[in-house]
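Read the structure below first, then the notes.
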Amino acid sequence: MGRTYNLNPAEISDVVGLCHTLSQLYSSVEGEEFLGSVNLHAHELPLNVRKFLNDFRLSDEDSDYAVVTGFPIDEGSIGYTPSHWDNRPAVSPTLKEEIYAMLLGALVGDAFGWATQQAGYICHDLLPVKGLEMEQTGASSKCVLDWHTEDAFHPCRGDYVQLLCLRNPDNTPTTIGALDLGLLSDEETELLFQPRFAFKPDHSHTQEFRGRDEHLRENEKDRLEVSYSAMNRMDTEPPLVPILSGRPDAPFICIDPVFMNRPSNHNAAAAFDALRKALDHNLMDVALNPGDVVFVDNARVIHGRKPFLPRYDGTDRWLKRFNLTTDLHKSFPLRVGDSRRLIF
Ligand SMILES: O=C(O)CCC(=O)C(=O)O
Ligand SMILES: [Fe+2]
């Protein structure tokens, strides 16, 4: 299932040098300059890590998730874990670490963001936010973050979710799980391939969790209102789509039970329950250490997080999250703002 690549000391020294050089050329990973060059700079990564991620990207069925370990995180230089994802200094204290993650990511897909999520930043902060302990978003802590497909409600969701761990003091596991079709009957599988399931936007895309979006341009802010209206519509009239798709013997999966309506049809509801049980059964823990980068295949596996106790003293668990697509064309009609990487 998962595969791991450990950078060796010589590779670590090369990669740290590359990230240091790039952090002097670019002041942010969000700008068009960096986004337009990151794929080229990724060619400068050590050959074996490029080979590892290339193999991961190309191996169809055996590609649930991949981890690259070894990048050193300097506790002092990254500073305290912020208290909110919306508290962003002009220059990120983790610029070098973000550059590292994006160099690796460029070997797997192209990063993009959502205008309606984390104020339109491409590089997301996952950290516990006071008051949101029990919310089903990445800002929660004391509850299980139920397993899900990332942005399951949206046809332009990423093909991969990428996480970079900056701090994980209690070794809180990320959870990852694949579907064992053998746990479902043929009838249940068939129902799950039918467009019977209502997906609503998850809370991280709603007005309630809207950020300051201060870096958006004026016309983008206007367009954002249209996006939020679309989110409201999807919430009240969720489209009916299948959960499983593709090859019957090795289907793609898209599911986020917390933000789905239970089907009214008895058989469809029973198939939905059986699938949830099967996914619960196969869920495993992947605890990330500082410096680890994980790529989760968002079409093949679901992921979530176990609970932890937040500290709110600057030493909390802190991850960066990126959405990666293998096909930027797909979202072209929705990337209408000046920033060409944001879906509105
Ligand atoms: O915190 C984690 O390990 C995963 C978080 C996650 O899945 C999310 O925020 O969507
Ligand atoms: Fe997630």
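The values are calculated or read from the model by the stated rules, or taken from the named source; none is laboratory data. This is a predicted model, so every value here is computed, not measured. So basically every Cβ, Gly included, is an ideal-geometry build from the backbone, and we count neighbours across all protein chains shown.
Per the conditions (1) surrounded by 13 or more Cβ atoms within 10 Å (Cβ to Cβ); (2) not in a helix (DSSP H, G or I), the sole criterion not satisfied by D14 is (2).
Considering the conditions (1) out of contact with any Lys or Arg (no Cβ under 9 Å at 6 or more places or on another chain); (2) buried (at least 22 other Cβ atoms within 10 Å of the Cβ); (3) in a strand (DSSP E or B), L275 is excluded by exactly one of them, (3). Yes or no: L107 aliphatic (A, V, I, L, M), surrounded by fewer than 23 Cβ atoms within 10 Å (Cβ to Cβ) and within 18 Å of D292 (Cα to Cα)? Spelling it out, L107 is indeed aliphatic (A, V, I, L, M), surrounded by fewer than 23 Cβ atoms within 10 Å (Cβ to Cβ) and within 18 Å of D292 (Cα to Cα). Has the range 123-133 got any residue that is in contact (Cβ under 8 Å) with a residue 24 or more places away in the chain, aliphatic (A, V, I, L, M), within 15 Å of ligand 1 (Cβ to nearest atom) and within 24 Å of P333 (Cα to Cα)? Looking through the range 123-133, none of the residues is in contact (Cβ under 8 Å) with a residue 24 or more places away in the chain, aliphatic (A, V, I, L, M), within 15 Å of ligand 1 (Cβ to nearest atom) and within 24 Å of P333 (Cα to Cα).
Scanning the range 22-60 for residues that are exposed (fewer than 11 other Cβ atoms within 10 Å of the Cβ) and assigned to a loop (DSSP other than H, G, I, E, B) yields one hit, D60.
Among the residues of the range 101-141, those identified as touching a Lys or Arg at 6+ places or on another chain (Cβ under 7 Å) and of a type in the set (D, E) are D125, E133.
Residue-wise test of (1) of a type outside the set (S, T, N, Q); (2) closer than 24 Å to A250 by Cβ.
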position	(1), (2)
Y100	yes, no
H124	yes, no
F153	yes, yes
N168	no, no
A178	yes, yes
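Tell me which residues, restricted to the range 282-301, are in a strand (DSSP E or B) and either in contact with a helix residue (DSSP H, G or I) (Cβ under 6 Å, 6 or more places away or on another chain) or of a type in the set (G, A, S) (or both). Result: A287, V293.
In summary, strands (runs of 3 or more DSSP E) completely within the range 114-169 and bearing 1 or more residues that are within 14 Å of ligand 2 (Cβ to nearest atom), among the hydroxyl-bearing types (S, T, Y) and closer than 26 Å to I73 by Cα occur at 160-167.
The residues in the range 315-341 that are over 20 Å from C143 (Cα atoms) and touching a residue at least 24 places away in the same chain (Cβ under 8 Å) can be counted, and the count is 17. Counting only residues that are small (G, A, S) and within 14 Å of S204 (Cα to Cα), the range 106-122 holds 4 of them.
Quick grid of which residues meet (1) modelled with pLDDT of 95 or more; (2) over 30 Å from V15 (Cβ atoms):
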site	(1), (2)
A271	yes, yes
D292	yes, no
G304	yes, no
F308	yes, no
S339	no, no
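Examine the range 92-102 for a residue that is touching an Asp or Glu at 6+ places or on another chain (Cβ under 8 Å) and either in a helix (DSSP H, G or I) or not aromatic (F, W, Y) (or both), and state whether such a residue exists. There is at least one residue in the range 92-102 that is touching an Asp or Glu at 6+ places or on another chain (Cβ under 8 Å) and either in a helix (DSSP H, G or I) or not aromatic (F, W, Y) (or both).
Against the condition surrounded by 13 or more Cβ atoms within 10 Å (Cβ to Cβ), under 17 Å from the mean Cα position of the chain (by Cα) and either within 16 Å of ligand 2 (Cβ to nearest atom) or of a type in the set (A, V, I, L, M, F, W, C) (or both), how does I302 come out, does it pass? Yes; evaluated as a whole, the condition is true for this residue. State yes or no: is D186 within 16 Å of ligand 2 (Cβ to nearest atom), among the charged types (D, E, K, R) and at pLDDT 95 or above? Judged against the criteria, D186 is not a match. Condition first: closer than 18 Å to V293 by Cβ, over 19 Å from the mean Cα position of the chain (by Cα) and of a type in the set (F, W, Y). Can you find one or more residues in the range 65-75 that meet it? Looking for residues that are closer than 18 Å to V293 by Cβ, over 19 Å from the mean Cα position of the chain (by Cα) and of a type in the set (F, W, Y), one finds at least one in the range 65-75, hence yes. Sort through F209, F199 and tell me the only one that's within 30 Å of M1 (Cβ to Cβ) and either in contact with a strand residue (DSSP E or B) (Cβ under 8 Å, 6 or more places away or on another chain) or not charged (D, E, K, R) (or both). When all the criteria are applied, what remains is F199.
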